[in-house]
Amino acid sequence: MRPEPPPEEMDPLEGLETDRELAREAAFAQPDADEAHKISAQPWNEPAGDIVAAENWTPPELYCAYEPTYPQLVPRLIPNLGHVLLFFVMAVVLLGVGQVAGVLIVAHSPLFGHRSIDSLMHLSAEDARLSIPIQALSYGLIALVAIPVFSLLWHRPFSEGVHWKGDTAKRRFIALALLGLAAGIGINLFGGFLPMPKEPPIVQGMMKSPLGAWMMLIFGVTVAPLIEELSFRGFLLPGLVNCFHWLARKGSISENGVRWVGIPVSIFLTSIGFALMHSAQLSHAWGPLLLIGMVSVVLCIVRLVSDSVAAGAVVHAAYNFTLFAAMLVQTGGFRHLEKLGA
């Protein structure tokens, strides 16, 4: 028998080959039943369906532990006050652009004769036949710019970000329309006990011609409610409410504070802004402004309860119709507009 060489005389390559052979044998060796059961019970051997379910479930411990690492787990507050500010700055600028563009278009057309730019600017504030098309153009510019801008900013469709939810309005259309009619009748009856201006600018604009009156009616129950609801109940109201939700996330207030303080304050501030927007049309009189504020409170509640801007637009349109319906009856279908000033 050949004696083993001393360790210092062994070939290192021969030992390496031996280790490789042992590794191959271990790789192909079959584990016993108990070991196989333990391996199959490991989490990485779970079925694919269970893995998907686990990925869709986020336990509170994971949320708290990895919030800085995974910010996508925190729902975004859309819209926030920054979005609200951006929208209204854009709206003011585009209203001005639309006003100027509309006057320039009319100045180069024979519709109102050969008038100067200054006279047309003055006329656009008094005659509905000119003011309504210009206002519609301005509102169209707002929608044309705001929809793509905020869709890109939010990384989601614009209708989803503002909670348009047209299906909700369709399902409850009759109930919403009846609510708008009831609100219009009730608030107008209450307005009989308040001081009202004799001939506010909005009535004076309708008295210019039957065509202007009909244009105001159509605009008042279609385009105007749509844009105003998007502005005040699609942006301003949820932006204010989300501000209080943000404070609750920071621990500054509780969720009950959001419910009993944040939401009422948001409704109040939204209604003040909504009333002030109509101030010039109502001679800045406090009586009709109070009524407009009351209407806004109703519309804010509809928006929060239904979680749908479209639902509020239906109520708003029905309310506006009650205002024009009374004028229709009073003037015999806008044939006797002089009765509006009687």
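The values are calculated or read from the model by the stated rules, or taken from the named source; none is laboratory data. Here the structure is a predicted model, which means the values were calculated and not measured. Virtual Cβ from ideal backbone geometry, glycine too; neighbours counted across all protein chains shown.
The set of residues in segment 249-271 that are over 17 Å from P79 (Cβ atoms) and crowded, with 17+ Cβ neighbours inside 10 Å contains only S271.
If the condition is being among the small types (G, A, S), in a helix (DSSP H, G or I) and either at pLDDT below 90 or within 16 Å of H336 (Cα to Cα) (or both), then segment 181-214 contributes G191, G205, G212, A213.
Within segment 272-301, being loosely packed, with under 15 Cβ neighbours inside 10 Å, out of contact with any Pro (no Cβ under 7 Å at 6 or more places or on another chain) and closer than 14 Å to I202 by Cα holds for M277, S279, H284. The residues on offer are L247, L269, L236, and the sole one that is without any contact (Cβ under 8 Å) to a residue 60 or more places away in the chain and closer than 26 Å to V149 by Cβ is L269.
The set of residues from segment 194-235 being of a type outside the set (A, V, I, L, M, F, W, C) and under 26 Å from the mean Cα position of the chain (by Cα) comprises G220, T222, P225, E228, E229, S231, R233, G234.
Each residue in segment 161-172 was checked for being in contact (Cβ under 8 Å) with a residue 12 or more places away in the chain, assigned to a helix (DSSP H, G or I) and closer than 15 Å to V305 by Cα, and 3 pass.
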